[in-house]
Amino acid sequence: MRPPGGGFPVGAFGGRKDIMDKVVTPVEPSKVKAAVFEEKRMFQSGTFSGNPITTETAAAFRLGWVANGIYIPGVHTVFTSAAHTDADIDKILEVSEEILREIKTSGLSR
């Protein structure tokens, strides 16, 4: 059994209707792109969702991957598959290591 919050404090969040209307819980896949990119809504779901440490780290990875040409789908799940070459996986690992170094030097990891 996993501990609630993965060892981090957990809680709930709420806010004004205009802000909470921007939060997207799982939507059907065909609507994710419009919800996140066109409507400027935030996807919120998962074991560690909303935790400030994991949220900030996930954002750093997403931005870092996209900035380095690694496609990330508009949903919260990222998989590798047989379609990925060794070079693709090497690039993902190299970029991920660089992102981790940046997180460490930024003080986020403290």
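The values are calculated or read from the model by the stated rules, or taken from the named source; none is laboratory data. From a predicted model like this one, the values you see are computed outputs, not experimental measurements. Here the Cβ is made from the backbone with ideal geometry for all residues, glycine too, and neighbour counts use every protein chain on show.
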Only one of (1) within 25 Å of residue 37 (Cα to Cα); (2) of a type outside the set (Asp, Glu); (3) at pLDDT 85 or above fails for residue 85. Which number is that? (1)
Name the one entry in 67, 58, 35 that is modelled with pLDDT of 75 or more, among the small types (Gly, Ala, Ser) and either surrounded by 14 or more Cβ atoms within 10 Å (Cβ to Cβ) or on the phi > 0 side of the Ramachandran plot (or both). 58
